[in-house]
Structure formats: structure tokens, C-alpha cells
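The values are calculated or read from the model by the stated rules, or taken from the named source; none is laboratory data. Just so it is clear, the model here is predicted, and its values are computed rather than measured. Reconstructed Cβ throughout: ideal geometry from the backbone, glycine too, with neighbour counts over all protein chains shown.
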């Protein structure tokens, strides 16, 4: 092979390594984004659940079952505005 061919093949190999590295970095970042989104959702759900429990306790209904809680805000007598 000629020196020029060797140089081009070396450049190609280097470019492939850079591409692989960039692909792995993208994969890592996507996982990190998904984790942050999941943590934010969990935090939001916990806050809302805590607030709901507080409201139910203030309304005098701390011992409701899950079915009663989920149906509670849909009943006509207890529409929360």
C-alpha cells in the first residue's frame, strides 16, 4: 500500500473511533435525561400525594380506601373547584 492509502485508512479508523465515542456519549446522556425526568415525576407525584392526604385529613376523611379516594373527587357532592 502507498503511504497516502495508509494515512487515509488511519484517518478513517480515527474517525470511526470518534463516532463510536460520540454515540456512546449520546447514549449516556439519553439515560441521564431519562433518569432526571423519572426523578422529577416521582418527586411531583409524591408532593401531590402528600397534599391529597393532607386535604383528606382536613376534610375528616383520613381512613379512606384507595377506591374511595380515587372516586372521591368524581362524586357530585364532593367536587373540588
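What the table below lists for this structure:
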{"read-out": "The lone exception for residue 48 - which of (1) modelled with pLDDT of 95 or more; (2) under 30 Å from residue 71 (Cα atoms) it fails", "value": "(1)"}
{"read-out": "Per-region count, the range 26-68, residues surrounded by 10 or more Cβ atoms within 10 Å (Cβ to Cβ), out of contact with any helix residue (DSSP H, G or I) (no Cβ under 7 Å at 6 or more places or on another chain) and not in a helix (DSSP H, G or I)", "value": "2"}
